[in-house]
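Values quoted throughout were computed directly from the atomic coordinates according to the rules given, and no laboratory measurement underlies them. This structure is a prediction, so every number in the text was calculated from the model and none was measured. Because the Cβ atoms are built from the backbone with ideal geometry, glycine has one as well, and the counts that use them run over all protein chains shown.
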Amino acid sequence: SVSLCPLAGLGQELFTYEGCGTLFTRAEYCQIEKLGVDDFHEVEKLAPFGPANAQPIFAARDLAIIAEPRILKGKHLKFRVEQDGRALDVIGWNLAQRQPVSFAGARRVSLAFTIAANAYQGIRSLQLVAKDIKTPQGSSD
């Protein structure tokens with residue numbers, strides 16, 4: 001999906017990622033400390049998602065990686081980020097191939113993501129579902 005912005009805002013482009021086009025942020029990045037499970041429920045009210053109704057994609061930058069990225073089942077990435085005292089889990093479905101070893105050494109990242117509720121051992125929490133990951137060097141591959 002593509003989130004469009006006015007022509008004057010094109011300089012604020014952050015992410016271009018495979019299969020999803022370009023996300024223009026309008027210079028307004030999400031602050032993850034403000035996200036909660038209630039936000040997931042609000043996004044879910046916009047469902048069903050599909051070609052005619054794309055799921056909202058958010059962007060956040062300068063997130064500290066506080067748990068080393070792990071590869072799950074040989075193809076998914078899992079790690080934890082923190083911003084302004086708020087920590088959240090990140091899952092990147094099928095991103096292990098696109099985010100190889102170069103990402104593992106990064107201490108800070110920017111993300112294009114959707115939000116999801118995660119239930120584990122009876123506890124519901126918010127998690128970020130990464131669509132693209134940028135390191136300070138600006139590459140996603």
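A crude spin-label estimate for the pair Ala119 and Asn94, with each label 7 Å from Cα along the Cβ direction, gives 2.6 nm. Residues in the range 115-126 carry Karplus couplings, in order, of 10, 9, 8, 10, 10, 9, 6, x, 10, 8, 9, 8 Hz; the curve used is 6.51 cos²θ - 1.76 cosθ + 1.60 with θ = phi - 60°, and Gly or Pro positions show x. Legend: calculated FRET efficiency, Asp62 to His41, from the Cβ-Cβ distance at R0 = 22 Å, rounded to 0.05, equals 0.25. Listed cross-link partners Lys73/Lys131; Lys45/Lys134; Lys78/Lys131; Lys45/Lys78 are compared with a 20 Å cut-off, the Cα-Cα value being larger for Lys45/Lys134; Lys45/Lys78. Close amide H contacts of Gln55 (hydrogens built in the peptide plane, cut-off under 5 Å, sequence separation of 5 or more or a different chain): Gly50.
Here the simple spin-label model places points 7 Å from the Cα toward Cβ, and for Gln31 and His76 these points are separated by 3.1 nm.
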